[in-house]
Structure formats: structure tokens, C-alpha cells
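Here the structure is laid out as C-alpha cells; the discussion comes afterwards.
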Amino acid sequence: MKSNTRLLLTISAAIASISQGFDDGRIITEEGVDDGPIMTEEEILAMMPDDGGHLIESQISPDPYDGQDPLPLILDGTFSLVNIFIPTGALKPGETDTYGENIRADFCAMDYSEQKKDPSSAPMHRDIMGKIKQCTEHRTSFPLADIVAEAREFDSPANAATRSMDVKGIVYHLPKSGSSVISNALVAASPSTTRVISESNVLTNILRACRTAPIDCSKVLQSKVLSDALYMLGRTNDPQEENLYLRIDPVGALEMDVLHDAFEEAKKPNWIFVERNADEVLSKVLEGTADSRYYMKSKKNPPAALTQYVHVVSGNTVTLTEASDEEVISATLGAIVNKALKENAASGRGKFVDYEDDILNTENFYKVLEFLGVDMEDSAVREAVDAEKAKRGNGKLSGQAWSLDTVTAASTKVASANGLYLTHEIERVNDVRRRY
């Protein structure tokens, strides 16, 4: 890359995000994920007393990399990609298949060692980041296109110490269906060789970029951004690491076709979709205020794929703004399953995984992992997987001994809403599974 571009990259590294939690507008509470808006930098500063900045300084830990040029730290693998910012209109169709410098990438000193040691202690990408002060307080920002070009050049020599792992498998899922246990088991099966990136803001933000205005958003550019982001997410300086897995936020599955288009044909990975009884899923989502609020966002600002799904299923007789909470969430989850069914029919690379039949049943659980490329013949691998399967995979009780959830009878509202959407889609999934 030309020297002036390298200088621009170094200067732009001074721009870093300060928001914590989710950068797509969600925050983390004890109950799960909340939709409350994150305050802007100006709003935060306006609340601070005029003390010359000493209070702010006292709340921020020293940066262990202070004074060091962040660009070499990214290139040598010390810093990893942790977030993407895509301004409105940044993926608007144009005359070229390249995107601009206004799409920016955040980097910090991610450390996956705790996930490898005990997957249930940090099952989500945000859990890993939250344990690293440098990631929550001192991230550095670059234009994605420029830093990807730098990284590819840096990785190109045959004797380079850094490289990007190919994605070996993808986990899509309905909420409350056991996907965390699967992603944790993938790590436990071979910690030294495996990295699982679970519901990262990087992929969530890219997949959401065209959700409401697909006409004004280029799927080609979206896939290009995804391809570049996947390259950066897969970079490693650890010679043992070779297996990269992704777990995608449920709503992100509405764009799974775009994600799959980001892979070269010969490198398209197998993927699974984890589901369970429709009434149990909806009932559990409604039990958590934060969870239900997350899916209720679709009522006022639905993804185009959801609007189209409701239009087709209802015969254009239903609008989400007039639907009940139960109906909005069931329609959102139904659209997600519908998308998985379509993509599986088109690609044949998917496998539907049922909570009761394939997760609770140990032998079938092994088969799911084998489908994703795990060698389950090794007794030590089975022992490690069994130990992880015996734990709760996510949430406040993550890591504690797992016991079968108590299932309460679905309410009339839940059953009625699912009768319009999710139940039908799960029945279609069961038809597919019976043909395996």
C-alpha cells in the first residue's frame, strides 16, 4: 500500500468508539439483551462535572499499548477485529463493486484463551470483550477496506506468521433452543485448534445493514464487506489454530444467503439451524423482558424479509403494526425458519437440529458435531464434549450444572400466534428432518 495511505491509516487509528455493550443499540442487562439506546459521547460528557477531565481519567484504565502504533499490532495479530460501523447509505449501489472508507472497523487485543479453557465462561463474543479492559476502553479504528488490503499483503509471504482461517461451520438458531451448548462443545472438542465467534457485532451489523431498505442497498457490496470482515475475523498468529466457527444472531439468519455468497464456492461451509417446539420457544422469549423487546423492534421497523413473509403468509391481510406482541415475535421467528428452509433447499449444505431429538440425545448430539467437522471417534474428545454438554451454555447460570427445563403449558395467546406463523414453519422443518 502506498505510503500516504499508510499514514492515513495510522492517523485514523486515533478514532475509537467509546460506547460499551452492543454497538447496534442494544445493552446488556442481567435479564439478557435490552433495546435501550446507548448514550452518545456528547450525552455522556454533558453529564460529567466540570473537573478538568480528572473524573473521566480516573474511570479509564491505562492502555497497555499506549504510545504504540496500532497498525503493526493489527498486522501481527495482536489486535483483532471486534466491530464494524456502516453509515446509512454506505452500501448504496454504484458503478463499482468496492465500498468506501466510511465503513470502519474497530480492533483491540482480543484474547480467546479463556474461551478455550472454559467455553461456558465466555460463550459470546461480547463476553470475551467484556473481560478485557483494553477492548472496552481503548479500541482503535481504521477504514475496513484499507486495513484488509494491508493484512492480505502482510499475510501473503509463504513464511508469514499470520494467516486467515477458513470458516469450517456456521450455527444458526432460534432463541432458547440450545445453540450455546453446541458452540461451546465445538470449542471443548479441540480448544487449541478451534475458535468460535458467537454473535459478534461485526457480523450482526453487516447482516443488518440492508434489512429495511434492500432496494437502496447493494447485496454485492454487503457480501464484499462480509468477505473482508470474515478474513479479518479469521486471522491468527497461532500455528495451532485451524478451525473457525461462527454462531449468528437469530435475526441475522434472515440474511444467511448474503453471508453464504461471501464465501468462494469451494470454501462454502456446512451450517446447522437449531430449533425446538414452537410454543416453548415463544413462551421462553416472552418470559424475558429484554428478549421480547429485542424481537418487538420488528413491529415498528421490520426487516424487508419479515414484511414480505407476513405479506405472503397472511395473503396481505395483516400488518405488523396492528399485530399483538405474540404475533410480531412469532412472525419474526417464523420468517427466520422460513429463510433457513429456502436456503437449505437451494444449497443442500444445511442440517436442522432439534433441541429434544438432537441435543438431549447424546449420540445424535455427536452426529451434529461430526456434521460440522468434529472427529468424535476420539474418546478424549467425547469426554470433553460430554463435560461441556452437562453445563448451562449461556446466560446468568452459564457454566452451572444443567438440568432439564420445566416446560409450562403455552398460553392461548402463544398458541394462537404460533398457529399463524412459527408452528407451521417448524412442521415444515420436521418434514425435512424425516427425510434425512
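Computed from backbone phi, the HN-Hα couplings of region 65-76 come to 10, 4, x, 9, 5, x, 4, x, 5, 6, 5, 8 Hz, rounded to whole numbers (Karplus: 6.51 cos²θ - 1.76 cosθ + 1.60, θ = phi - 60°; Gly and Pro given as x). Basic side chains Lys and Arg get +1 at the Cβ, acidic Asp and Glu get -1 at the Cβ, and with that the dipole of region 164-434 about its Cα centre reaches some 680 debye. Distance between the pseudo-spin-label points of Asn361 and Glu153 (7 Å out from Cα toward the beta carbon): 5.4 nm.
Taking a straight Cα-Cα cut-off under 17 Å and skipping sequence neighbours fewer than 8 places away in the same chain, the aspartates and glutamates within cross-link reach of Lys413 are Asp279, Glu280, Glu287, Glu322, Asp325, Glu326, Glu327. Once backbone amide H atoms are built at 1.01 Å from N, Arg104 has Phe85, Leu144 as its partners under 5 Å, excluding neighbours fewer than 5 places away on the same chain. Under a 5 Å amide H cut-off, with hydrogens placed 1.01 Å from N, Arg163 pairs with Thr236 among residues at least 5 apart or on other chains. Positive contributions from Lys and Arg (+1) and negative ones from Asp and Glu (-1), summed over other residues with Cβ under 12 Å from the Cβ of Ala229, come out at +1.
Structure note, pairs Lys224/Lys284; Lys300/Lys342; Lys342/Lys367: Cα-Cα distances above 28 angstrom occur for Lys224/Lys284. Taking label positions 7 Å along the Cα-Cβ direction at both Asp66 and Thr193, the computed distance is 4.3 nm, reported to one decimal. Among residues other than Ala305 whose Cβ falls under 11 Å from its Cβ, what is the net charge (Lys/Arg +1, Asp/Glu -1)? Surrounding charge for Ala305 is +1.
For region 164-434, the square roots of the Cα gyration tensor eigenvalues, ordered a ≥ b ≥ c, give a/c of at least 1.5 with a/b no greater than b/c, which places it in the oblate category.
Rounded to the nearest 20 debye, the dipole magnitude of region 249-305 is 300 debye, with +1 charges on Lys and Arg beta carbons, -1 on Asp and Glu beta carbons, and the Cα centre as origin.
Restriction of the GluC sites (Glu not before Pro) in region 72-162 to DSSP coil positions whose beta-carbon has at most 13 other beta-carbons within 10 angstrom yields Glu95. Spatially, region 276-326 and region 195-249 are offset by 25 Å when compared through their Cα centroids. Net length available on complete extension from Asn316 to Ser227 is 28.5 nm, with 0.36 nm assigned per residue and the Cα-Cα distance removed. If R0 is 41 Å, the Cβ-Cβ spacing of Glu370 and Asp97 corresponds to a FRET efficiency of close to 0.65. The stretch between Gln308 and Asp166, if pulled fully straight at 0.36 nm per residue, gains 47.8 nm over its current Cα-Cα span.
Using heavy atoms of the protein chains and a probe of 1.4 Å, the accessible area assigned to Asp291 is about 30 Å².
For region 128-273, what class follows from the C-alpha gyration tensor (a ≥ b ≥ c being the square roots of its eigenvalues): rounded when a/c is under 1.5, otherwise prolate if a/b is larger than b/c, else oblate? Judged from the Cα gyration tensor, region 128-273 comes out rounded (a/c under 1.5).
Summing +1 for each Lys or Arg and -1 for each Asp or Glu among the other residues whose beta-carbon sits under 13 angstrom from that of Thr140 gives -3. Rounded to the nearest 20, the size of the Cβ-charge dipole of region 203-292 about its Cα centre is 200 debye, with Lys and Arg at +1 and Asp and Glu at -1.
Taking the Cα centre of region 164-434 as the origin and placing charges on Cβ (Lys, Arg +1; Asp, Glu -1), which of Val181, Ser164, Asn243 is farthest toward the positive end of the dipole? Most positive-ward Cα: Ser164.
The values are calculated or read from the model by the stated rules, or taken from the named source; none is laboratory data. Nothing here was measured: the structure is a model prediction, and the numbers come from that model. Cβ sites come from the backbone with ideal geometry, for glycine too, and all protein chains shown count toward neighbours. SASA here: full protein model, heavy atoms, side chains in, ligands and nucleic acids out. Shrake-Rupley method; radii C 1.70, N 1.55, O 1.52, S 1.80 Å.
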